Structures are given as structure tokens and as C-alpha cells.
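Read the structure below first, then the notes.
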Amino acid sequence: MRKNKFIIIEGLEGAGKTNASICIKKILNKHHIVNVVLVRQPGSTPIAEEIRKLIKKKFDKDDLTKEAELLLMYAARVQLVEKKIKPALKTGKWVISDRHDLSSLAYQGGGLGINTIIINKLKSLFLKKCIPDLTIYLDVSPKIGLERVFKRSPLDRIESRSLKFFENVRKIYLKNIKNNQKFIKINANSDIKSVTKNITKKISNWLNTQVI
Ligand code: Z5A
């Protein structure tokens, strides 16, 4: 069994995933784990970053179909998995990814209504050998998350969707993490300091259960 781990951070926009990635990296460093690669999805390779721009862009006279959006998410993911994640894991590095396949299930499945069978088919076709060891789900209410993002910058194409869309996305997250040992749920509605403290505690506890 490999000792290095593949860790995912999931949650709605404004949940604090960026902050959590940095926090987890610091905890790993404190445990003398220094070979850590941080990636984000969609993105983190030159081609996947171009796909990211396309996904986030608002078009005046056209829009992506939901199926095209799903396939673009998967195109970026497969590119990242093959070019960066698998090679890093093979050489003993730890990988922390801001989002992974559960985002597609939540956003394109729960939010846009694409049949789960189709999304799971993509997962089984392309991600068979890239299974996370742990997923940290930062649970924020859509209203609080979007308010944080709104304060930061103008909303992009996906962020501009309705509150109902994000409520449906959250439902799928909550459904999938229920009774699953490989998930840690963190309440992300409070201030950054409390959320960071909670992440530190839960990740440290988890690390103590791992053979590393
Ligand atoms: N997407 C998809 O639909 N399907 C998929 O398969 C994948 C993705 C992989 C990616 O864009 C979009 O793609 C995303 C989902 C979709 N779209 N939406 N909407 P992105 O990378 O720009 O979006 P994001 O992943 O949600 O990142 P984010 O908006 O930056 O959220 P975050 O990383 O969780 O938040 P943050 O950057 O750490 O914090 C955001 C702001 O809130 C910032 O100013 C912080 O200082 C503040 N913040 C964070 N935590 C707190 C607390 N606790 N209190 C107060 N303020 C806070």
C-alpha cells in the first residue's frame, strides 16, 4: 500500500478551499511530509488552465450546453490526472487537489440535472486508478459562500447561477459524504480562524491513524 496520499478538498464557492489547501500543506510539513503537490480543478496544467478560462467565461450569444460543460470538466480532469497527479503519486509525493470528480457529480449532476449514470460512467472510464484517500468537505451555506465570493470579485458564469442551483449542489455533497469513512466534514460557516482550527484538529487526528 502506498504511504503517500491523495487528498481532495470539496465544497461550494467561498467555502474556503484555498485556505484549507494551504492549512493542510502546513500540517503535513509539520509531520515532516514535504513532498506535497497542490493542484486545483479545473486547471493546474497549461491545457487544463485554458479549459478553465473557457468554463468560467460568460458568452453573450451562446452558452455551453450542460453536457459540454461536463465533458470540459472531465477533459481538464483527465489532463491533470495523467500529466500531474498520477506521476506525482507514483514518485511518492502527496497530492492535495482543490476539487475532483465529486464536483462534477454535485454541480453537473445535482445542479444541472445530468443523469448520475452518465457521470459515473465517465468516472469509471477515466479515473479508475486515481481514487482519493481522503476528501475534506467544507460545508458552507450557499448564501454565505456566495456573499464571500461576491465581496472578492465579479461573479463568473457558474457563480452567477441561482441560489436554488447551489442548494441542489449542496444536497448532492451531503448525500455523498453521509456514512463514508473517507470523508471529513467541516462546518465552514464560521470565521476563518475557527474553520482553520477545526481543519487542523481533524487532519492531525486523521494523520495519526495513517501508516506514514
Ligand atoms: N466546477 C464544476 O462545476 N464541476 C467540476 O467538476 C469542477 C468545478 C471541478 C471553479 O471555479 C468552478 O468550476 C466552480 C465549480 C465548478 N464554480 N463555481 N461556482 P473556481 O475555482 O473559481 O471556484 P471555487 O473552486 O469554488 O473557488 P472559490 O470560489 O475561490 O472558493 P474557495 O476556494 O472555497 O474559497 P476561498 O478562495 O478560499 O475563499 C473565497 C473568499 O472567501 C476569499 O475572499 C476568502 O478570504 C473568503 N473566506 C474564506 N473562508 C472564509 C471564512 N471562513 N470566513 C470569511 N471569509 C472567508
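Of the numbered criteria (1) under 26 Å from T65 (Cβ atoms); (2) under 15 Å from the mean Cα position of the chain (by Cα), the one F183 fails is (1).
When C130 is tested against the conditions (1) farther than 21 Å from G16 by Cβ; (2) part of a loop (DSSP other than H, G, I, E, B); (3) within 12 Å of the ligand (Cβ to nearest atom); (4) not acidic (D, E), the lone failure is (3). A residue that is buried (at least 20 other Cβ atoms within 10 Å of the Cβ) and not hydrophobic (A, V, I, L, M, F, W, C) can be found somewhere in segment 111-121.
At positive phi, out of contact with any His (no Cβ under 9 Å at 6 or more places or on another chain) and either modelled with pLDDT under 95 or surrounded by 16 or more Cβ atoms within 10 Å (Cβ to Cβ) (or both), is that true of R152? No. Total residues in segment 70-124 satisfying the condition of being part of a helix (DSSP H, G or I), among the hydroxyl-bearing types (S, T, Y) and either touching a Lys or Arg at 6+ places or on another chain (Cβ under 9 Å) or within 9 Å of the ligand (Cβ to nearest atom) (or both): the figure is 4.
Reported count of residues in segment 123-149, each being aliphatic (A, V, I, L, M) and crowded, with 19+ Cβ neighbours inside 10 Å, is 5. Figure legend. Inter-residue proximity from segment 170-197: first residues under 12 Å from A20 (Cα atoms), second residues among the polar types (S, T, N, Q) and assigned to a loop (DSSP other than H, G, I, E, B), beta-carbon distance below 8 Å, spacing 6+ or different chains. No pairs are indicated. Contact map, segment 132-156: first residue of a type in the set (D, E, K, R), second residue outside any loop (DSSP other than H, G, I, E, B) and near the ligand (Cβ under 9 Å from one of its atoms), Cβ cut-off under 6 Å, separation 6 or more or different chains; pairs are D156/K56.
Here is a check on your reading of the model: is L64 more than 7 Å from the ligand (Cβ to nearest atom) and under 19 Å from F165 (Cα atoms)? Against the criterion (more than 7 Å from the ligand (Cβ to nearest atom) and under 19 Å from F165 (Cα atoms)), L64 qualifies.
Among the candidates A48, A20, which residue alone is closer than 15 Å to S204 by Cα and touching a helix residue (DSSP H, G or I) at 6+ places or on another chain (Cβ under 8 Å)? The unique qualifying residue is A20.
Within segment 1-54, being more than 11 Å from the ligand (Cβ to nearest atom), part of a helix (DSSP H, G or I) and of a type in the set (K, R) holds for K25, K26, K30. Scanning segment 155-179 for residues that are within 12 Å of the ligand (Cβ to nearest atom) and not in a helix (DSSP H, G or I) yields L155, D156, R157, I158, E159, S160, R161, S162.
For segment 92-119, a residue qualifies if it is of a type in the set (A, V, I, L, M, F, W, C) and free of Cβ contacts under 8 Å to residues at least 40 places away in the same chain, and exactly one does: I117. The C-beta contact set for segment 1-16 (first residue farther than 17 Å from A106 by Cα, second residue within 7 Å of the ligand (Cβ to nearest atom) and of a type in the set (G, A, S), distance under 6 angstrom, 6+ apart or interchain) comprises G16/A188. Could we say that Y137 is modelled with pLDDT of 95 or more, within 13 Å of the ligand (Cβ to nearest atom), within 24 Å of I203 (Cα to Cα) and assigned to a helix (DSSP H, G or I) here? Spelling it out, it is not the case that Y137 is modelled with pLDDT of 95 or more, within 13 Å of the ligand (Cβ to nearest atom), within 24 Å of I203 (Cα to Cα) and assigned to a helix (DSSP H, G or I).
The values are calculated or read from the model by the stated rules, or taken from the named source; none is laboratory data. As the structure is a computational prediction, the values presented were derived from the model and not from experiment. Reconstructed Cβ throughout: ideal geometry from the backbone, glycine too, with neighbour counts over all protein chains shown.
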